[in-house]
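A quick write-up on the structure given underneath.
Computed from the coordinates by the stated procedures, all read-outs in this text should not be read as laboratory data. Just so it is clear, the structure is predicted and the values come from calculations on it, not from any experiment. Positions of Cβ are backbone-derived with ideal geometry, glycine not excepted, and every protein chain shown enters the neighbour counts.
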Protein chains: 2
Amino acid sequence: MEELPHRLLHAIRQFQKLSHTGHTMHGLKRSEIMMLMAIKKGNQGKEKHITVTDLSTALKITSPSVTQVINVLENSGYVERVNDQQDRRIMRIVLTDKGNDITTQIFQRMEEKYSNLVDFLGEEKSNSLIELLDEVYSFFSKEANRKE
Amino acid sequence: MEELPHRLLHAIRQFQKLSHTGHTMHGLKRSEIMMLMAIKKGNQGKEKHITVTDLSTALKITSPSVTQVINVLENSGYVERVNDQQDRRIMRIVLTDKGNDITTQIFQRMEEKYSNLVDFLGEEKSNSLIELLDEVYSFFSKEANRKE
DNA sequence: ATAATTAGGTAGGCTACCTAATTATATGGA
DNA sequence: TCCATATAATTAGGTAGCCTACCTAATTAT
């Protein structure tokens with residue numbers, strides 16, 4: 001039996017390779033899907049629509065990266081940019097009807113996919129996994145900061 | 001409290017973002033480090049050195065991708081290509097002394113890093129995590145195959 | 001007024017992959 | 001023995017998803 005740290009390294013590496021599979025639908029790329037979900041989530045039940053900066057924070061990518069994805073989604077007619085009236089530097093990102101429809105479908109499919117995973121793992125294990133992933137995330141985030 | 005599937009999705013997404021941080025040292029890229037480790041591991045205690053095809057399988061990337069990384073490592077003097085005598089189509093990849101030294105250091109640092117993680121989590125949780133990551137991996141692999 | 005900051009955008013580059021086509025070699029069967 | 005096919009690796013070119021460096025416009029603080 002290999003040592004624990006090596007087995008952990010291997011399991012993590014293997015798991016992280018998954019990020020490049022799946023998550024494409026309706027001809028949208030993974031990054032676009034994540035953006036649409038963040039926009040819908042950010043706008044839910046709020047009177048003010050989400051901004052580029054908020055999206056950058058939510059998705060943990062830089063604002064130029066947000067801009068690029070929004071450009072694609074705007075050209076495809078899924079979102080619109082609306083100038084804020086109070087602060088004219090701010091762009092608020094709004095889903096079009098078409099964008100809203102597709103994002104609703106995306107949420108449904110994601111819900112389905114991850115519900116299946118929860119069924120597969122069981123509720124207890126799913127909760128442990130969330131907890132463990134958070135712990136590892138904070139461990140590596142701390143480590144990354146320490147090395148700056 | 002949000003629903004379990006959504007929390008799981010979020011935890012997984014967040015965790016997978018980690019793959020783009022860390023893992024660079026000695027001016028080597030993540031892909032190059034992974035390649036060096038695979039070469040050293042593949043050559044350990046074997047009379048025949050590892051091939052491009054073996055590396056492709058081990059790292060789960062295509063053989064053209066292996067070739068590219070090997071080119072960089074060869075130009076930097078970390079590895080050498082050696083023609084197989086029995087089958088001259090085959091290239092065997094060998095670490096140079098310089099390559100071996102650096103890979104030994106890489107293994108040490110990885111060992112240290114993941115030992116720290118194991119210490120942080122504790123042995124029991126580390127084992128659970130490995131098990132859970134494997135389960136999720138097999139779940140999504142199955143799903144990806146099903147959709148082909 | 002002016003300095004500093006904030007929000008967002010543009011241009012260009014990088015990593016880590018990929019697919020398709022090509023070259024070189026090996027091998028099983030007519 | 002020759003050929004068709006298979007296999008190993010490489011070459012050529014592309015893509016997704018980020019990044020940095022820098023810019024303008026607008027706001028806030030002095």
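Look at A:Asp134 and say whether it is surrounded by fewer than 17 Cβ atoms within 10 Å (Cβ to Cβ) and within 14 Å of chain B (Cβ to nearest Cβ). Yes, satisfied.
Within region A:43-54, the residues that satisfy the criterion of being more than 8 Å from DNA strand C (Cβ to nearest atom) and away from chain B (no Cβ under 14 Å) are A:Asn43, A:Lys46, A:Glu47, A:Lys48, A:His49, A:Ile50. Only one of the numbered conditions (1) part of a loop (DSSP other than H, G, I, E, B); (2) within 14 Å of chain B (Cβ to nearest Cβ) is not met by A:Leu8, and that is (1).
Give region B:55-105 a look and list any residue that's charged (D, E, K, R), within 12 Å of DNA strand C (Cβ to nearest atom) and either within 14 Å of chain A (Cβ to nearest Cβ) or surrounded by 12 or more Cβ atoms within 10 Å (Cβ to Cβ) (or both), or say none. Full working, then the answer.
Just the residues of region B:55-105 that are charged (D, E, K, R), to begin with: B:60, B:74, B:80-81, B:84, B:87-89, B:92, B:97-98, B:101.
This time we only want the ones that are within 12 Å of DNA strand C (Cβ to nearest atom), so: B:60, B:84, B:87-89.
The answer is B:Lys60, B:Asp84.
Just to be sure before I move on: is A:Ser128 crowded, with 16+ Cβ neighbours inside 10 Å, within 10 Å of chain B (Cβ to nearest Cβ) and hydroxyl-bearing (Ser, Thr, Tyr) in the structure I sent? Judged against the criteria, A:Ser128 is a match.
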